[in-house]
Amino acid sequence: MTEFAAQSATWGVVLTLLAFGLGTWIKNRTGKAILNPLLLGSIFVMVFLQVAKIPYEAYKASALPVSYLLLPATVSLAIPLYEQWELLKKNTLAILGGILAGVVTSLGSIWVVSVILSLTYTQYVTLLPKSVTTAIGMDVAAELGGMGALTGAVIVLTGIVGNLAAQGICSLFHITQPMAKGVAIGTAAHAVGTAKALEMGEVEGAMSGLAIAVAGLLTAILAPVFAGLPL
């Protein structure tokens with residue numbers, strides 16, 4: 001299998017699509033929110049690589065075309081935002097204020113956890129950009145001296161948890177305003193959370209898509225500031 005992986009240039013793409021497709025089928029058949037296709041697909045890929053004894057580096061190189069789709073997929077979230085343009089103009093300050101509060105809370109919570117658990121600086125900055133899209137978070141972590149690959153895994157996990165918990169948390173805290181839901185989900189759980197926001201409604205999806213971009217920019221600016229805090 002290792003020899004096959006080295007010779008084939010597209011097996012990683014096929015494996016990724018099959019794993020996600022199987023995860024989607026299981027989710028649709030069971031109707032269980034916890035059986036998120038991204039979570040199941042990731043598990044299927046990890047199990048396959050482990051059983052077939054294929055190094056992750058070989059899979060990553062072969063699945064690279066899928067990664068290229070991440071940026072255009074994120075940019076496409078501007079479509080629902082455009083459809084809610086008037087709503088955005090009327091509430092610009094409130095929306096930006098909410099995103100800023102979410103980014104500061106995310107970065108601050110990681111600093112507090114790192115202090116309590118006595119994490120090293122490398123571990124700290126690896127976790128710091130956990131709530132933004134991988135296209136931004138991995139680069140930010142690497143620039144600060146963190147482990148970019150591990151940051152990517154943490155970002156995906158954060159998104160999955162956000163996707164699964166979004167509806168329940170909004171209900172628990174009686175958050176009913178569509179804009180508030182969208183801003184919170186997009187700021188906390190990037191594109192994976194936005195998939196849930198789009199299911200909840202057009203306004204939620206539009207605001208969540210906006211939050212991804214703004215939160216990514218603010219994180220890139222503020223993360224170096226938080227990285228300089230003493231542990």
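Looking at the structure I just gave you, is L81 modelled with pLDDT under 80, over 30 Å from L150 (Cα atoms), open to solvent by less than 60 Å² (accessible area, probe 1.4 Å) and under 22 Å from the mean Cα position of the chain (by Cα)? Yes. Of all residues in the range 101-120, those that are farther than 13 Å from V154 by Cβ have Cβ atoms under 6 Å from Cβ atoms of residues that are outside any helix (DSSP H, G or I) and open to solvent by less than 70 Å² (accessible area, probe 1.4 Å), 6 or more apart or on another chain, in W111/L229. Mind listing whichever residues of the range 113-135 are under 27 Å from A213 (Cβ atoms), surrounded by 13 or more Cβ atoms within 10 Å (Cβ to Cβ) and not aromatic (F, W, Y)? Result: S114, V125, T126, L127, L128, P129, K130, S131, V132, T133, T134, A135. Cβ-Cβ contacts under 7 Å between residues 6 or more apart (or on different chains), taken from a first residue in the range 19-38 that is without any contact (Cβ under 8 Å) to a residue 24 or more places away in the chain to a second residue that is charged (D, E, K, R) and part of a helix (DSSP H, G or I), are listed as L35/K27; P37/K27.
Conditions first: (1) open to solvent by 70 Å² or more (accessible area, probe 1.4 Å); (2) within 21 Å of H190 (Cβ to Cβ); (3) touching a residue at least 24 places away in the same chain (Cβ under 8 Å). L69 passes all but one, so which condition is the exception? Status for L69: all satisfied but (3). Can you pull out the residues in the range 208-231 that are over 18 Å from the mean Cα position of the chain (by Cα) and small (G, A, S)? Hits for the range 208-231 are A227, G228. Restricted to the range 20-46, and to residues there that are among the hydrophobic types (A, V, I, L, M, F, W, C) and closer than 15 Å to S67 by Cβ, the residue that is modelled with the lowest pLDDT is L38.
Total residues in the range 145-155 satisfying the condition of being open to solvent by less than 20 Å² (accessible area, probe 1.4 Å) and under 17 Å from L39 (Cβ atoms): the figure is 2. None of T176, T158 is surrounded by fewer than 15 Cβ atoms within 10 Å (Cβ to Cβ), at pLDDT 90 or above, closer than 21 Å to A197 by Cα and of a type in the set (S, T, Y) except T176. If you filter the range 179-201 down to residues that are of a type outside the set (D, E, K, R), farther than 20 Å from L96 by Cα and within 17 Å of the chain's Cα centre (by Cα), you find that the one that is surrounded by the most Cβ atoms within 10 Å (Cβ to Cβ) is V192. Scanning the range 25-41 for residues that are of a type in the set (S, T, N, Q) and either more than 21 Å from A191 (Cα to Cα) or open to solvent by 40 Å² or more (accessible area, probe 1.4 Å) (or both) yields a count of 2. Looking across the range 84-108, the residues that are among the small types (G, A, S) and open to solvent by less than 50 Å² (accessible area, probe 1.4 Å) come down to G97, G98, G102, S106, G108. Contact map, the range 133-144: residues that are touching a residue at least 12 places away in the same chain (Cβ under 8 Å) and over 14 Å from T158 (Cα atoms) paired with residues that are charged (D, E, K, R) and buried (at least 16 other Cβ atoms within 10 Å of the Cβ), Cβ distance under 7 Å, separation 6+ or inter-chain. No pairs are found. Of the residues A142, A58, A52, the single one that is open to solvent by 40 Å² or more (accessible area, probe 1.4 Å) and either over 20 Å from the mean Cα position of the chain (by Cα) or at pLDDT 85 or above (or both) is A142.
Filter the range 53-98 for residues that are of a type outside the set (S, T, Y) and in a loop (DSSP other than H, G, I, E, B) and give the result. K53, I54, P55, A63, L69, L77, Q84, N91 - these are the residues of the range 53-98 that are of a type outside the set (S, T, Y) and in a loop (DSSP other than H, G, I, E, B).
The values are calculated or read from the model by the stated rules, or taken from the named source; none is laboratory data. Small disclaimer: the values here were computed from a predicted structure and weren't measured. Don't worry about glycine lacking a Cβ; one is built from the backbone with ideal geometry, like all the others, and counts go over all protein chains shown. The accessibility values were calculated without ligands, DNA or RNA, using every heavy atom of the protein model including side chains. Shrake-Rupley method; radii C 1.70, N 1.55, O 1.52, S 1.80 Å.
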